[in-house]
Amino acid sequence: MANTAPATKPPSGVLDRALLVLACFTDAHPRLHLRELAALSGLDKATLLRILGTFIAHGYLRREADGRYAPGPAPLRLGALYAATHDVTARLMPVLQAVMERTGESAAFYQRDGDDRLCLCRVNAPRSLRHQVEPGERLPLSAGGAAAHVLLAGTGSPTPLAETLQHQGWLSTAGERDPGLASIAIPVRENDGTFLGALVVSGPISRQTEEGFAEARAIAAPLLREQGFLS
């Protein structure tokens, strides 16, 4: 059953509410009962049923035999269009896959979007204990973490770790955003020097060491260069 901690006050806009419903579905909880959606979204069941009915009619969601709701086939078209029109993602996915395989930890790529960092693509480690964030998920930059510092520095915003990043070319943090999480973040740039975002390798703090961080950077850097990036 999904973790149905009380949601914050739901938005008032119709479209905002509809997108909030879609955001309730994750890799960890791909199927949800109406009561779970109500708890996660903060929306009443009558409103939810109207939204769900529209999504089902257009193929964005489906209702299964047990009454649970799950994603439908329509988002596949948008996902394919996004991959086909976003060259950065196509170039980064083999890098993330190779980094995950060689480090044994989850690898992701984040870009800055306003005051948030947006997970553009990700490969999760095949371990029961791992750090997992879904593509499309947002995390506030103010929460910290290695990726947040790299994104702030790369987009001209102040960060207390800017000097360290400039000196060693990468950053690591342990327990900053999440007390159980450690990560290394590497700036990713196009060949012309344009800053794109941060490649992040992350996992439980119990498995991370400074030597491991340095090794992850050594693994990722040549893979990025093979795809035409600077790091």
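The values are calculated or read from the model by the stated rules, or taken from the named source; none is laboratory data. All of these numbers come straight from a predicted model, not from anything done at the bench. FYI the Cβ positions are ideal-geometry reconstructions off the backbone, even for glycines, and counts take in every protein chain you see.
General remarks:
- Residue check for residue 108: surrounded by 15 or more Cβ atoms within 10 Å (Cβ to Cβ) and touching a residue at least 60 places away in the same chain (Cβ under 8 Å): yes
- Qualifying residue in region 48-61 (condition: touching a residue at least 12 places away in the same chain (Cβ under 8 Å), exposed (fewer than 15 other Cβ atoms within 10 Å of the Cβ) and in a loop (DSSP other than H, G, I, E, B)): yes
- Boolean, residue 189 is within 15 Å of the chain's Cα centre (by Cα) and surrounded by 15 or more Cβ atoms within 10 Å (Cβ to Cβ): no
- For residue 209: the one exception among (1) of a type in the set (Val, Ile, Thr); (2) surrounded by fewer than 17 Cβ atoms within 10 Å (Cβ to Cβ); (3) closer than 20 Å to residue 94 by Cβ: (3)
- Residue check, residue 92 hydrophobic (A, V, I, L, M, F, W, C), over 18 Å from the mean Cα position of the chain (by Cα) and within 20 Å of residue 133 (Cα to Cα): no
- Any hit, region 77-90, residues being modelled with pLDDT of 95 or more and either surrounded by 14 or more Cβ atoms within 10 Å (Cβ to Cβ) or in contact with a helix residue (DSSP H, G or I) (Cβ under 6 Å, 6 or more places away or on another chain) (or both): no
- When 225, 122 are checked against the criterion of being surrounded by fewer than 17 Cβ atoms within 10 Å (Cβ to Cβ) and not in a loop (DSSP other than H, G, I, E, B), 225 stands alone in meeting it.
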